[in-house]
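Working notes for the structure below.
The values are calculated or read from the model by the stated rules, or taken from the named source; none is laboratory data. Computed from a prediction, not measured in an experiment: that's the story for all the values here. Neighbour counts run over all protein chains shown; Cβ positions are idealised from the backbone, glycine included. Remember, those area values only see protein heavy atoms, side chains included, never the ligands or the DNA or RNA. Shrake-Rupley method; radii C 1.70, N 1.55, O 1.52, S 1.80 Å.
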Amino acid sequence: MNGYTGKILRINLTDKKASTIETEKYMKWIGGHGIGSAIFFDLVRDKTIDGFNPRNVVTIMTSPLTGTMTPGGASRTEIQGIGVQTYPLGWFTRSNIGGRFGPMLKYAGWDGLVIEGKAGHPVWIDIRNQNVRFRDAEGLWGLDTWESQKKIWKLVQDNPISGSWSEIGEGEACGRTTQRPAVMAIGPAGENLGRIAAIIHDAGNASGQGGFGGIWGAKNLKAISVIGTGGVEVNDPFELLEARAWAKKNYMFNIEDPSKIDAEHSLLGDPTVRSAMSMAASPLPIVFWHRRKESRPQACIGCPAGCRARNDTGLGNESACAETIIYAYPDMKKQSRLWVRIACSIIETAFDENAASFFALSYGESSDIAYAATDLCQKLGINAYEVWRGIPYLRALHKKGVLGPGRQIDCTLPFERFGEFAFFEELLTQMAYRKGIGADLAEGLVRASEKWGRLEDDLTSGLLPCPYWGMPDHYDPRYQVEWGYGSILGDRDINEHDFNLLYWMPTIASLKGEDPRVSAEEVSQIFSRKMIPFENDQKMLDYSDENIYSEHFVKLVAWHRYYTRFWKQSALYCDFLFPDFLNLQTKDKQGMLGKGEQRFLNAVTGKSMDFRDGIDLGRKIWNLDNAIWTLQGRHRDMVHFAPYVYKRSLEPSAYMPGMEDGKWKYINVEGRYLDKKKFDEWKTLYYEFEGWDPQTGWPTRKTLEFLDLKEVADELEEKGRVGKESS
Amino acid sequence: MKPLEKPSKTLAAKLLAELDFDNRITCYRLHRRMGHEMVDLYSFEEVILFLFHDLSQVKIEKLGKWIENTFGDTELSERIMRLDNEELGYREKLLKARNLMWSRLSQCRRETM
């Protein structure tokens, strides 16, 4: 079974029983999200249950590519179930995690895990190849995620010396390995049923969104450890390596002179401001503290992106992106004040630009505090995004005079020590253990604000920037419109950066006073031509005020949903490298999108999928998900952004491609807000396009049967929630 | 460039003080893979530090008006707002504004020593 092991491990925590689901039963969904949604649909009869309910099923799925040498496709794992983070309802949702866990699961002989029930007391699951044990977590419960993992490594491996051989029992390679177990664990935040609790793997891989850490806590599941000594069967290993070499030669950075290539091929025109969004970029850790000189990129298995770092201090290892910014600014501010004071005492003249510049070199040094803060967040197992967005919100409320000791929102946080580790430690400890104000914040920012009686006001003013389903803002829906639409039509902040280049390239260029590397017309042509089956509609990429409510934009959003649901969340290509729309490494600037995805998948599986097949399957998966949300209680009237998105103008400049007076250009959408009525009308267009009932947003029987989802239509009808067909 | 006039002790004290919520200034910072971050800044000094970030954003006019309305520093406000008329890129204008503010901050510290 090329790419597959043939077995999914089903773990019943209530009965402490392990059984097997034959992967073949779900293989038509290929892997990852598709299989997860299908299994969830089959096993959870009552989809209205709360995420903390023991009957909630959590799936952890790999894809056939996991554990192979597919670049940017070998290490992601998809986690799904009814979440507890989103507001007002915990939607059936997804999270995705990198690192070693997925590959190791495959090497142990499992395509995925299905977790159901609730253990009578805290347990951890010990998987060693085909041997599965439920182990008492008494000695682990209460430990942070790092302590838990280290302890489990020692419990599983007879030889604690890193890199030495250890015997793990029966299995391939005589059950011997030099690797250490891949462990996913929850920390105190999850144990205390935090809605914003994360699952952490190794130092910095996190399943952050959805609150799955709290869901595991509710199940009394502390950790899952897996170690395997097998491999992944690949249909055509030679073709897989050929494909990798082809991708590297034609689309990726040239290692002979990476700095030169970055300068030439950086789509942002500035090698110091690379986004690592391009296949052509050389490894660049995406970290927001000022990188230490003694650090190096770290990557998941087989990936050239190297989006994380390892640092000489051992602090901040493997964390990336939003995880690294949570306390970077307050720390920098506090540290740099010292430099400013020194500078001011030395500058003798009233205005000395050179002196100011000299001291600018000293600005922005991140102390160890920024790194330690990130590590604390990982150890306690808290969603870094909520912390990052929460800190300025709390500070604003403190400055307003409503939050603090003895105030309307009483709390003991030491704001006089803001920027110091003490403040951060106190805040996160309270969140993890539900102490003081942490008891409110463990419910998520939106629920905390609601409890404080501030939600409506703060979502209207934008003081609480949570535009969709109570989740913190990521890319503002007022400029990155397809991001907002996709999020509100779905279940969460989509976190899919596929179209961000359209914003980054012209916006950075405008800040620098330069022309974007590629014109609006050309970029819209390149993008639209790849968006099969809608490739003839260039206006999909028109972000002008008129067009964002049009049928053209419906196609953009639909394509985005289909592509990500299959190619990124089911086949499990990583968001950092896929899709490769625009690539300056190539003569025609066309990236690998539409050529690479299926090439690697077919090399591994032996199938003959083409790119369109994946888009069609993505559409099917998206419809299945919408059916689940419908069964959970969704109605189109709920599908709206927070009020500030409709009432407040976007303040900073943001450039997007669009048409003005019949010509393509990059339009500054500063000042924009979404029109609620027009968005509502656009939803009608969208639902009709999908073949859903425009009155409710529910899928129709006709659409579901067309997609070979008759049993889904049957359940919707049984529950009285099938969409009406248009007459 | 002509140096700023020496500030009065009163002005210096105002410029060095922490601000309350209503007098804050909201600026923006771009992050790779995360878009705009809205950042509330609660002191003159904090704004200077913020502007060292190479992807920080605030309108020159907004910055100038904030300085005038919050601190009453008309001279600095006018010098900053005049930058908008210069034939410079946005980032260059912002750097000049920052350096003017930095210079003023130095004066304030000396004045209050």
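General observations
- Members of the stretch A:495-526 found to be in a loop (DSSP other than H, G, I, E, B), among the acidic types (Asp, Glu) and in contact (Cβ under 8 Å) with a residue 60 or more places away in the chain, listed by number: A:496, A:498, A:514
- Among the residues of the stretch A:29-62, those that are of a type in the set (Ser, Thr, Tyr) and either open to solvent by less than 10 Å² (accessible area, probe 1.4 Å) or assigned to a helix (DSSP H, G or I) (or both) comprise A:37, A:59, A:62.
- Residue A:296 being at negative phi, at pLDDT 80 or above, more than 13 Å from chain B (Cβ to nearest Cβ) and open to solvent by 30 Å² or more (accessible area, probe 1.4 Å): yes
- Whichever residue in the stretch B:61-93 is within 14 Å of another protein chain (Cβ to nearest Cβ), over 16 Å from residue B:104 (Cβ atoms) and of a type outside the set (D, E, K, R) and, among such residues, is surrounded by the most Cβ atoms within 10 Å (Cβ to Cβ): B:90
- Taking the listed residues A:660, A:725, the one that is within 30 Å of residue B:60 (Cα to Cα) and either over 29 Å from the mean Cα position of the chain (by Cα) or at pLDDT below 95 (or both) is A:660, with no other qualifying.
- Set A:679, A:689: member being of a type in the set (Phe, Trp, Tyr), closer than 25 Å to residue A:646 by Cα and touching a His at 6+ places or on another chain (Cβ under 9 Å): A:679
- Number of residues in the stretch A:512-528 that are more than 10 Å from chain B (Cβ to nearest Cβ) and at pLDDT below 95: the value is 4.
- Residue A:424 vs. criteria in contact with a His (Cβ under 6 Å, 6 or more places away or on another chain), within 26 Å of residue A:380 (Cβ to Cβ) and touching a residue at least 12 places away in the same chain (Cβ under 8 Å): no
- Against the list (1) within 14 Å of another protein chain (Cβ to nearest Cβ); (2) over 25 Å from residue A:555 (Cβ atoms); (3) crowded, with 24+ Cβ neighbours inside 10 Å, the condition residue A:462 fails is (3).
- Single unsatisfied condition, residue A:189 versus (1) crowded, with 24+ Cβ neighbours inside 10 Å; (2) among the small types (Gly, Ala, Ser); (3) closer than 24 Å to residue A:71 by Cβ: (3)
- Considering residues of the stretch B:94-111 that are open to solvent by 30 Å² or more (accessible area, probe 1.4 Å) and farther than 16 Å from residue B:52 by Cβ only, the residue modelled with the highest pLDDT: B:109
- In the stretch A:369-394, the residues that are touching a residue at least 60 places away in the same chain (Cβ under 8 Å) form Cβ pairs under 7 Å with partners that are of a type in the set (Phe, Trp, Tyr) and buried (at least 24 other Cβ atoms within 10 Å of the Cβ), at six or more places apart or across chains, as follows: A:370/A:289; A:370/A:327; A:371/A:289.
- In summary, helices (runs of 4 or more DSSP H) completely within the stretch A:428-494 and bearing 1 or more residues that are within 24 Å of residue A:652 (Cβ to Cβ) occur at A:445-451, A:455-461, A:481-489.
- Pick from the stretch A:484-511, criterion among the small types (Gly, Ala, Ser) and under 19 Å from the mean Cα position of the chain (by Cα), ranking: farthest from the other protein chains (Cβ to nearest Cβ): A:490
- Residue in the stretch A:488-505 that is within 16 Å of residue A:646 (Cβ to Cβ), open to solvent by less than 20 Å² (accessible area, probe 1.4 Å) and touching a Phe, Trp or Tyr at 6+ places or on another chain (Cβ under 8 Å) present: yes
- Residue count for the stretch B:1-34, restricted to those that are among the aliphatic types (A, V, I, L, M), buried (at least 18 other Cβ atoms within 10 Å of the Cβ) and modelled with pLDDT under 90: 2
- Any hit, the stretch B:35-57, residues being closer than 18 Å to residue A:507 by Cα, touching a residue at least 24 places away in the same chain (Cβ under 8 Å), within 8 Å of another protein chain (Cβ to nearest Cβ) and buried (at least 20 other Cβ atoms within 10 Å of the Cβ): yes
- Every residue from the stretch A:664-679 that is in contact (Cβ under 8 Å) with a residue 40 or more places away in the chain, more than 14 Å from chain B (Cβ to nearest Cβ) and open to solvent by 30 Å² or more (accessible area, probe 1.4 Å): A:664, A:665, A:666, A:673, A:675, A:678
- Looking across the stretch A:683-706, the residues that are hydrophobic (A, V, I, L, M, F, W, C) and surrounded by fewer than 21 Cβ atoms within 10 Å (Cβ to Cβ) come down to A:685, A:689, A:706.
- Meets criteria (buried (at least 24 other Cβ atoms within 10 Å of the Cβ) and of a type outside the set (Gly, Ala, Ser)) for residue A:657: yes
- Within the stretch A:400-427, being assigned to a loop (DSSP other than H, G, I, E, B) and either among the aliphatic types (A, V, I, L, M) or at positive phi (or both) holds for A:401, A:402, A:406, A:413, A:419.
- Residue in the stretch A:530-541 that is in contact with a Leu (Cβ under 6 Å, 6 or more places away or on another chain) and either surrounded by fewer than 19 Cβ atoms within 10 Å (Cβ to Cβ) or free of Cβ contacts under 8 Å to residues at least 40 places away in the same chain (or both) present: yes
- Of all residues in the stretch A:63-84 being more than 15 Å from the chain's Cα centre (by Cα) and of a type in the set (A, V, I, L, M), the one that is surrounded by the fewest Cβ atoms within 10 Å (Cβ to Cβ): A:69
- Leading residue by the ranking (nearest to residue B:96 (Cα to Cα)) among those in the stretch B:38-65 that are at pLDDT below 90 and among the aromatic types (Phe, Trp, Tyr): B:52
- Set side by side, the residues A:26, A:87 differ, and just one is surrounded by 19 or more Cβ atoms within 10 Å (Cβ to Cβ), within 30 Å of residue A:642 (Cα to Cα) and in contact (Cβ under 8 Å) with a residue 12 or more places away in the chain, which is A:87.
- Whichever residue in the stretch B:1-34 is hydroxyl-bearing (Ser, Thr, Tyr) and closer than 16 Å to residue A:465 by Cα and, among such residues, is nearest to the other protein chains (Cβ to nearest Cβ): B:28
- Condition met for residue A:433 (closer than 30 Å to residue A:367 by Cβ and within 12 Å of another protein chain (Cβ to nearest Cβ)): no
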